[in-house]
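J.: Got a structure for you, questions after.
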């Protein structure tokens with residue numbers, strides 16, 4: 001995937017992983033695509049998001065702030081950027097989370113019997129590796 005080198009795993013410095021998941025939801029394909037291709041709506045589906053701001057010069061670039069609980073006790077906030085690229089069947093999001101952490105997320109939707117299948121594939125490159133417990 002562009003932006004993430006799958007061969008660049010310099011243990012113990014860098015960790016690269018991919019995670020996938022899908023769910024069938026009861027809605028028309030057009031409704032699912034409307035949410036996936038509207039960055040504010042997609043961002044707001046994440047319950048730990050505190051705020052989002054579109055870049056004035058690039059409407060596909062968002063600054064996103066999340067609330068994190070570290071080690072089950074300490075609360076903190078992190079801000080990162082996400083660039084949205086629209087596809088006919090969904091959206092790609094390139095995330096630069098800082099500290100050498102990058103994510104490439106593909107959201108796709110397709111009509112199936114009983115509704116719409118929404119599919120997510122996330123590739124994560126974490127550097128330094130000890131941040132992995134906070135990201136994955």
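The values are calculated or read from the model by the stated rules, or taken from the named source; none is laboratory data. All of these numbers come straight from a predicted model, not from anything done at the bench. Backbone-built Cβ (ideal geometry, glycine too); neighbour counts: all protein chains shown.
J.: Only one residue in 87, 108 is touching a strand residue (DSSP E or B) at 6+ places or on another chain (Cβ under 7 Å) and on the phi < 0 side of the Ramachandran plot, so which one is that?
T.: Every option except 108 fails the conditions.
J.: How many of the residues making up the range 1-39 are at pLDDT below 95, surrounded by fewer than 13 Cβ atoms within 10 Å (Cβ to Cβ) and not in a strand (DSSP E or B)? Quick ask: steps written out before the conclusion?
T.: Step one: of the range 1-39, the residues at pLDDT below 95 are 1-19.
Subsequent filtering for residues that are surrounded by fewer than 13 Cβ atoms within 10 Å (Cβ to Cβ) retains 2, 5-8, 10-12, 18-19.
Filter once more, keeping what is not in a strand (DSSP E or B): 2, 5-8, 10-12.
Qualifying residue count for the region: 8.
J.: Out of 124, 93, which single residue is under 23 Å from residue 15 (Cβ atoms), buried (at least 17 other Cβ atoms within 10 Å of the Cβ) and modelled with pLDDT of 95 or more?
T.: So the residue among 124, 93 that is under 23 Å from residue 15 (Cβ atoms), buried (at least 17 other Cβ atoms within 10 Å of the Cβ) and modelled with pLDDT of 95 or more is 93.
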